Amino acid sequence: MRLNRKFVHNCRTLHVYLTMLGLLVLLFFGVTGFTVNHEDWFGATTPTVTTTEGQTPAALIEKNDALHIVENTRSSFHITGAMTSFDDLGDHFEIGFKSPGQIWEVEIQKANGQTSVRDEAFNFAAVINNLHRGRYSGAAWKWIIDLCALLIVLACATGFVLWLVLPHRRKYGLAAFAIGTIATLAIYFFLVPGADAPPPSTAAAPTPSAP
């Protein structure tokens with residue numbers, strides 16, 4: 001197959017510099033793909049739990065000032081994660097904060113301002129696993145994941161073009177591609193539980209009769 005030389009040259013240049021540009025990120029997602037798949041091996045599911053007691057100023061509670069209550073809680077208990085929930089449950093507030101490696105659950109009593117903070121701190125493996133998933137990592141990191149996905153697609157596309165211009169290796173490359181594709185599909189359909197199951201019915205389940 002003959003392709004325009006300039007086009008091939010541009011693909012080669014793009015392939016080299018794209019992979020070098022995203023080398024660290026691609027390596028990161030490769031390594032964390034393994035650690036995500038084996039979280040128990042790395043102790044990523046078992047946090048260190050501590051509970052801290054403190055006080056929230058009565059003035060903030062009386063004003064029901066959610067913004068300043070949250071900011072006071074952050075500064076008083078050195079919380080760095082993003083707020084994920086704020087619930088007014090009548091006699092107390094419950095606030096949740098999360099970061100890739102830490103979870104805070106805060107309970108503030110309205111009557112006396114007593115504040116209890118439950119802190120779950122996870123290890124380094126859990127941090128990088130959550131970064132891999134884009135969990136609790138903010139909008140900026142989601143952009144990193146999107147860019148990494150684009151880099152992978154472009155690297156694959158330019159690599160495919162470079163393979164096409166190597167006539168002596170085209171046959172072996174096609175065989176490798178076919179084997180990889182067939183093996184992946186075979187593993188999915190024959191070894192992944194539920195892969196060959198019919199889709200669940202959308203019909204509403206019958207309502208059980210009252211006793």
- Residue within segment 47-61 that is among the hydrophobic types (A, V, I, L, M, F, W, C), touching a Phe, Trp or Tyr at 6+ places or on another chain (Cβ under 7 Å) and free of Cβ contacts under 8 Å to residues at least 24 places away in the same chain present: no
- Task: Among the residues of segment 120-144, write down those that are among the polar types (S, T, N, Q) and open to solvent by 40 Å² or more (accessible area, probe 1.4 Å).
- Result: ASN123
- Message: Can you tell me which condition SER76 does not meet? The list is (1) without any contact (Cβ under 8 Å) to a residue 12 or more places away in the chain; (2) in a helix (DSSP H, G or I), and all the others hold.
- Response: (1)
- Report whether or not GLY90 is at negative phi and of a type in the set (Gly, Ala, Ser). no
- Of the residues in segment 76-100 that are open to solvent by less than 50 Å² (accessible area, probe 1.4 Å) and within 23 Å of LYS142 (Cβ to Cβ), the one that is modelled with the lowest pLDDT is GLY81
- Message: Of all residues being surrounded by 11 or more Cβ atoms within 10 Å (Cβ to Cβ) and of a type in the set (D, E, K, R) in segment 1-53, which is nearest to PHE122 (Cα to Cα)? Just the residue, please.
- Response: GLU39
- Query: From the list VAL165, VAL117, VAL153, which one is touching a residue at least 60 places away in the same chain (Cβ under 8 Å), surrounded by fewer than 17 Cβ atoms within 10 Å (Cβ to Cβ) and β-branched (Val, Ile, Thr)?
  - Reply: VAL165
- When segment 105-114 is examined, which residues are found to be open to solvent by less than 10 Å² (accessible area, probe 1.4 Å) and in contact with an Asp or Glu (Cβ under 9 Å, 6 or more places away or on another chain)? VAL106, ILE108
- Is it true that some residue in segment 16-37 is modelled with pLDDT under 95, touching a helix residue (DSSP H, G or I) at 6+ places or on another chain (Cβ under 7 Å), part of a loop (DSSP other than H, G, I, E, B) and under 30 Å from THR158 (Cβ atoms)? yes
- Sort out for me the strands (runs of 3 or more DSSP E) sitting completely within segment 80-160 that have 2 or more residues that are hydroxyl-bearing (Ser, Thr, Tyr). 82-88, 114-121
- Item | segment 168-211, subset open to solvent by less than 90 Å² (accessible area, probe 1.4 Å) and under 30 Å from ASN4 (Cβ atoms), residue modelled with the lowest pLDDT | ARG170
- Note on the structure: Listed by first then second residue, the pairs whose first member lies in segment 173-197 and is within 17 Å of CYS156 (Cα to Cα), whose partner is modelled with pLDDT of 90 or more and part of a loop (DSSP other than H, G, I, E, B), with beta carbons under 8 Å and at least 6 positions apart or on separate chains, are none
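The values are calculated or read from the model by the stated rules, or taken from the named source; none is laboratory data. Keep in mind that what you see is a predicted model, and the values were worked out from it rather than measured. Here Cβ is always computed from backbone atoms with ideal geometry, including for glycine, and neighbour counts include all displayed protein chains. Accessible surface areas use protein heavy atoms only, side chains included; no ligands, DNA or RNA. Shrake-Rupley method; radii C 1.70, N 1.55, O 1.52, S 1.80 Å.
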